[in-house]
1. Can you work out which of the residues in the stretch 36-45 that are open to solvent by 40 Å² or more (accessible area, probe 1.4 Å) and in a loop (DSSP other than H, G, I, E, B) is modelled with the highest pLDDT?
2. Being open to solvent by 50 Å² or more (accessible area, probe 1.4 Å) and within 19 Å of Gly143 (Cβ to Cβ) is the filter; apply it to the stretch 213-271 and report the residue that is modelled with the lowest pLDDT.
3. In the stretch 281-319, which residue that is of a type in the set (S, T, N, Q) and at pLDDT 95 or above is nearest to the chain's Cα centre (by Cα)?
4. What about Ala87, is it assigned to a helix (DSSP H, G or I), closer than 21 Å to Glu307 by Cα and either modelled with pLDDT of 95 or more or not acidic (Asp, Glu) (or both)?
5. Out of curiosity, is Asp48 closer than 23 Å to Gly221 by Cα and without any contact (Cβ under 8 Å) to a residue 60 or more places away in the chain?
6. Please determine whether any residue of the stretch 275-291 is surrounded by fewer than 16 Cβ atoms within 10 Å (Cβ to Cβ), of a type outside the set (Phe, Trp, Tyr), farther than 15 Å from Thr171 by Cβ and touching a helix residue (DSSP H, G or I) at 6+ places or on another chain (Cβ under 8 Å).
7. Could you check the stretch 79-126 and list, in sequence order, the residues that are in contact with a Leu (Cβ under 6 Å, 6 or more places away or on another chain), under 19 Å from Leu316 (Cβ atoms) and among the hydrophobic types (A, V, I, L, M, F, W, C)?
8. Which of the helices (runs of 4 or more DSSP H) found entirely inside the stretch 151-253 contain at least 1 residues meeting this: closer than 23 Å to Glu307 by Cα?
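The values are calculated or read from the model by the stated rules, or taken from the named source; none is laboratory data. The model shown is predicted, which means the values in this text are computed figures rather than measured ones. For neighbour counting, all protein chains shown are included, and Cβ atoms are generated from backbone atoms with ideal geometry for every residue, glycine included. These accessible areas exclude ligands, DNA and RNA; they are computed on the full protein's heavy atoms, side chains included. Shrake-Rupley method; radii C 1.70, N 1.55, O 1.52, S 1.80 Å.
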Amino acid sequence: MTTVAAIDCGTHSIRLLIADIGKSDGGQPVLNDLARRMEVVRLGQDVDKTGELNPQAIERTLAVLREYWAQASELGASKVRMVATSATRDASNKEVFVKGVREIIGVAPEVIDGKEEASLSFTGSVWAHADLASPKLVVDIGGGSTELSFGNNEGGLEKSVSLNMGCVRVTERFFQAQQDLAQPILPVCTSHAKEYIDSLLDEAEKTIDFSLVKTLMGTGGSITTVTALALGLDEYDPDQIDGAAVSVEEGSEIANWLRTRSRAERLTHSAIHPGRIDVIAAGALVWERIVERVASRSGITRFYASEHDILDGIALSMA
């Protein structure tokens, strides 16, 4: 059995999975989790505006990475793979961050493109939820981008697109610059954001036929948080969220609730991670527009949340 460390560094958060990799009786890889962690570091702070990684954001991220590496070493990880996604892809000074990572874990992070990100997310989600009907559309909403992956259990990933509409990017572009984030989102800001999101979904439909979708599955903190609220959880509970089904109507109600509440009101709900308070309304809006678009084309009436995602895909790639 091999112990591996998978690290996913996105625009909003950096996450760690340490797992033992074994094999099932059928020869398929099996993951046994030893540790899962997530810290909000906002590596992508202002990247959409400046085109560069903020020095303070780099140091925040590297500080958490040092903790992760210490834990991975303690648990005996013999293999490590770290991927960096949207914010690092877009930054002109990414080499500063890459150098810092190499000094800590001994290897450089893989700055993967949207297609590879989508493939890893699809693999991780489908591996954990093979019982749900195919074809599947797996949606991973990150801080800077959103990946849509279409395929099935047997043939794997068939088509994918990466769209520049993550929860941080939409917040900074449409909400943060136009209003005080402590207040409910202004309707005019929501309207402009919807137009932007919908235009990107128009492009996505040129690649993926939403009418073929049998199961819509979402990963990432924006989607799992919406699911936690729809389930009425007082605390965020991954075990209850993973695989949970939420109706299209319930998802829209939660998204609307998040837009029409102040920051203080959102803070009172302990199922929302404090680091997501300022960006969850944007993430929920992105998810709402995707769910409603897919539902209108395919006739699905619910979506599923997955706590298994790109991290699991990264770990499985080391099997």
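1. So, considering only residues that are open to solvent by 40 Å² or more (accessible area, probe 1.4 Å) and in a loop (DSSP other than H, G, I, E, B), the one modelled with the highest pLDDT is Arg42.
2. So the residue we want is Arg263.
3. First, the residues of the stretch 281-319 that are of a type in the set (S, T, N, Q): 296, 298, 301, 306, 317.
Applying the additional criterion that residues be at pLDDT 95 or above yields 296, 298, 301, 306.
Numbers: Ser296: 23, Ser298: 23, Thr301: 22, Ser306: 10 Å.
So, considering only residues that are of a type in the set (S, T, N, Q) and at pLDDT 95 or above, the one nearest to the chain's Cα centre (by Cα) is Ser306.
4. On the way: assigned to a helix (DSSP H, G or I): yes; closer than 21 Å to Glu307 by Cα: no; either modelled with pLDDT of 95 or more or not acidic (Asp, Glu) (or both): yes.
No: the conditions fail for Ala87.
5. Numbers: closer than 23 Å to Gly221 by Cα: yes; without any contact (Cβ under 8 Å) to a residue 60 or more places away in the chain: no.
So Asp48 fails the test.
6. First, pick out the residues of the stretch 275-291 that are surrounded by fewer than 16 Cβ atoms within 10 Å (Cβ to Cβ): none.
No, the stretch 275-291 contains no residue that is surrounded by fewer than 16 Cβ atoms within 10 Å (Cβ to Cβ), of a type outside the set (Phe, Trp, Tyr), farther than 15 Å from Thr171 by Cβ and touching a helix residue (DSSP H, G or I) at 6+ places or on another chain (Cβ under 8 Å).
7. Phe122
8. On the way: elements: 167-170, 187-204, 221-230, 238-241.
Counting at least 1 such residues, we get 167-170, 221-230, 238-241.
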